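Asker: Have a look at the structure that comes next, please.
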Amino acid sequence: MPDEAVVAHADVAELPAEFGPAAVLLDVRENDEWQRGHAADALHIPMGEVPTRLQEIDPAAKLYIVCKAGGRSLRVAQYLQRNGYQPVNVDGGMLAWAKAGRPVITDDGGPGGI
């Protein structure tokens, strides 16, 4: 049995309709993936930058972690959990987000892609 604690998971349908200070969607994809398209109001911190940018993540917020398909976000969620956060991994990532019909935008607000 792995020593990693079990991280909570959620389907896209279980996520809030909007994100803000109380409910944060943390997108851990790389910059090029983010630029192609992302969820509105998501906080973008690429996976490799999370350890040095922890101060940008409110430990009191409901924290949903997303990547493209769910693998990287799970690793980040495990890391955050070990550091006192209570993250929720988004099953299926941004692929599931887009498939569920949730909006994907670019930085200028136009339609984006995954």
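No lab work stands behind these numbers, since they all come straight from the coordinates. Quantities reported herein were computed from a predicted structural model and do not represent experimental measurements. Virtual Cβ from ideal backbone geometry, glycine too; neighbours counted across all protein chains shown.
Asker: Of all beta bridges DSSP finds with both residues in segment 8-105, what is the antiparallel percent, to the nearest 5? Present the calculation step by step, with values, prior to reporting the outcome.
Answerer: Details: 1 of 14 bridges.
If I count the DSSP bridges inside segment 8-105, around 5 percent turn out antiparallel.
Asker: Now for a different question. Mind checking the full-extension length gain between LYS62 and ALA13? Use 0.36 nm per residue of separation minus the Cα-Cα distance, one decimal, nm.
Answerer: Values: separation 49, 0.36 × 49 = 17.64 nm, distance 1.58 nm.
That works out to 16.1 nm of additional length.
Asker: State log₁₀ I(q)/I(0) for segment 8-105 at q = 0.11, 0.18, 0.19 Å⁻¹ as given by the Debye formula over alpha-carbon point scatterers of equal weight, solvent excluded.
Answerer: Each listed q corresponds, in turn, to -0.26, -0.72, -0.82.
Asker: With the crude spin-label approximation of a point 7 Å out along Cα→Cβ, what separation in nm comes out for VAL6 versus GLU49?
Answerer: Distance between the two pseudo-spin positions: 3.4 nm.
Asker: Something else about it: Calculate how steeply helix 71-82 sits against the longest principal axis of the alpha-carbon atoms of the chain, using the helix alpha-carbon long axis, and give the answer as 0 to 90 degrees to the nearest 10.
Answerer: 40 degrees
Asker: Any chance you could run the full-extension gain for GLU30 through LEU95? It's 0.36 nm times the residue separation minus the Cα-Cα distance, nm to one decimal.
Answerer: Values: separation 65, 0.36 × 65 = 23.40 nm, distance 1.48 nm.
Additional length available on full extension: 21.9 nm.
Asker: Same structure again: Gaussian network model of the chain, Cα springs within a sub-10 Å range: biggest mean-square fluctuation belongs to which of ARG102, ARG53, ARG36?
Answerer: ARG53
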